[in-house]
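The values are calculated or read from the model by the stated rules, or taken from the named source; none is laboratory data. Nothing here was measured: the structure is a model prediction, and the numbers come from that model. Cβ atoms come from the backbone with ideal geometry, glycine included; neighbour counts cover every protein chain shown. Accessible surface is based on the protein model in full, side chains and every heavy atom, while ligands, DNA and RNA are left aside. Shrake-Rupley method; radii C 1.70, N 1.55, O 1.52, S 1.80 Å.
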Amino acid sequence: MVLIVVFGVALLIAVLLSGLAARTVLSTSFLFLVGGALVSDGFLGLIHITPDSEIVSVTADLALFAVLFTDGMHVSFPKLRANWKNPARALGLGMPLAFVGMALITHYLVGLDWTTSFLVGAVLAPTDPVFASAIVGRKEVPSKLRQLLNVESGINDGLALPVVLILIAAAGPTSGHAESSLAKIGLELLLGLIFGVVLPMFVIALVRFRHLGAEPKLQPLLPLAIGVILYALCHLTHANPYLAAFSAGAVLTARSIEAKESFEPLGEALAELAKFAALLVFGALLTPRLFGDLSFGGYVAVVLAIVLIRPASLLLSLLGTRFTRQEKLVAAWFGPKGFASVVYGLLVLQAGIPQGEEAFTLIAVCIAFSIVAHSSTDVPIARLFHVDELTDTEVPAARTGVGTSAEEPGRVGT
């Protein structure tokens, strides 16, 4: 119950400060992260959460699923067909480069063995849709750049998971059986994609029957029902829930724009709440002891992961594209680590591999630094495009509609 009170107070403060946050680098994400840290065992001791607490994995899992489901609704298949090459470059070249680069600095600066180093690289390679949405949701940012970041962050979590699971098998007690897991992992990905495509199409087909259909006030609950069923179905069958969530959101928009428009306000609000709850819980893990356990080389690796590895890998992947220099730099910088990495980092910790605790410490600190760095720079970055490109366009709407003004988009959840 103490955790609920803390969450309520943090939510109230975030809403009251949202107007200020819309005009400054103050981030509500940062408020929840700091709030979680302050009430944890490392400071006030009001709540007691450890990395093996079920609430950590559950809240991170729910937040990631909810944001992927709503962000999938922002995908336009016609635009994606016309501009598929840029996301393909980011996923096919940028992500592997980030994976290898992170593994190299982890091995040489932190001293982890090669298998565990590549495991850390796989966990931190994907960008997180929860925090990428801070840019994706701002209409002053060029649409092709938003499309690139949205598709990249929505798909790369599912692409990273098989590599994470195989490397865990290679590094852990089941070492030597990694290849036998490949078919199982492939099946989980395939099932996630099938469920994510078939379930919304089936429900939309039902709605179009002559004697079926939702009355207006209940229409927003139709996509919510799809999401709830999909989440449970994936966990019951071990299908990949993240690939399922993103594909379901995209299919729902493609097949029923009415359902998408009716659900969007509710979906955005639910995704923000899930994100805030997960941030609060993750913040409770950020104790002084955790930061003290990371070596100096580990901190150097964290900084390089944020300011060098991601930017360099994506800039290389975008060579020869029609993005402007400014757009390339924004895409390269905005590669946040977040709940996907939290979920995968917990898998590493719970697997019992020899250097699992050291790997998780590095992952957790990197995520914390990334959340602070990226959630506090989205407003200045968006303003670059606002000044240059929005002189004759309408003022962009907020993702959540809280704290908006005539000059600035809302910032709750960024």
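At a 1.4 Å probe radius, carbon and sulfur cover how many percent of the accessible area of the chain? Carbon and sulfur together cover 68 percent of it. Remark: the stretch 53-60, residue by residue, has Karplus-estimated 3J(HN,Hα) of 5, 4, 4, 5, 5, 5, 5, 5 Hz, where x stands for each Gly or Pro and the curve is 6.51 cos²θ - 1.76 cosθ + 1.60 at θ = phi - 60°. Within the chain, the longest run free of exposed loop sites, counting trypsin sites (Lys or Arg not before Pro) that sit outside DSSP helix and strand states (H, G, I, E, B) and have at most 11 other Cβ atoms within 10 Å, spans 1-207.
Accessible surface for the chain, divided over its residues, is 43 Å² per residue with a 1.4 Å probe.
The amide H of ILE49, built 1.01 Å from its N in the peptide plane, has ASP41 as neighbours under 5 Å, considering only residues 5 or more places off or on other chains.
The distance from the alpha carbon centre of the stretch 327-377 to that of the stretch 191-260 is 30 Å, rounded to a whole number.
What residues of the stretch 236-274 lie in the reach of a label at ALA205, counting those whose backbone N is under 20 Å from a point 7 Å from the Cα along Cα→Cβ? Inside the label zone: 244-245, 247-260. Think of the chain as a dipole: +1 on every Lys or Arg Cβ, -1 on every Asp or Glu Cβ, centred on the Cα centre; then among PRO220, LEU38, VAL281, PRO220 lies furthest on the positive end.
I need the shape label for the stretch 1-130. Rule: rounded when a/c is under 1.5, else prolate if a/b > b/c, else oblate, with a, b, c from the alpha carbon gyration tensor.
It is oblate, given that a/c is not under 1.5 and a/b is not larger than b/c.
State, as an integer percentage, the relative contact order of the chain based on alpha-carbon contacts under 8 Å between residues 6 or more apart. Taking the mean separation of contacting Cα pairs over the length of the chain, I get 32 percent. Considering only GluC sites (Glu not before Pro) in DSSP loops that have at most 12 other Cβ atoms within 10 Å, the longest stretch of the chain without any of them is 1-393. Estimated at 0.36 nm per residue, the fully extended path between GLU357 and LEU224 surpasses their Cα-Cα distance by 44.2 nm. Only helical runs count toward this figure. For the chain, summing -39,500 (n - 2.57) over DSSP H runs of n ≥ 4 and dividing by all residues gives -21500 deg cm²/dmol at 222 nm. Using the Cβ-Cβ distance between GLU261 and SER53 with R0 = 45 Å, the FRET efficiency computed as 1/(1 + (r/R0)^6) comes to roughly 0.75. Computed on the stretch 175-268, the Cα convex hull volume stands at 96 Å³ per residue. Rolling a 1.4 Å probe across all protein chains gives SER376 an accessible area of roughly 30 Å². Per the Kirkwood formula applied to alpha carbons, the stretch 329-370 shows a radius of gyration over Rh ratio, Rg over Rh, of 1.09. Could you tell me which of rounded, prolate or oblate describes the stretch 236-327, using a ≥ b ≥ c as the square roots of the eigenvalues of the alpha-carbon gyration tensor, with rounded for a/c under 1.5 and, failing that, prolate when a/b is larger than b/c and oblate otherwise? Judged from the Cα gyration tensor, the stretch 236-327 comes out oblate (a/c at least 1.5, b/c at or above a/b). Solvent-free Debye calculation, one equal scatterer per alpha-carbon of the stretch 41-83: log10 I(q)/I(0) at 0.25, 0.26 Å⁻¹ equals -0.87, -0.89.
First check a/c for the stretch 273-315, with a ≥ b ≥ c the square roots of the eigenvalues of its C-alpha gyration tensor; if it is under 1.5, answer rounded, and if not, answer prolate when a/b is larger than b/c or oblate otherwise. Note, shape of the stretch 273-315 comes out oblate.
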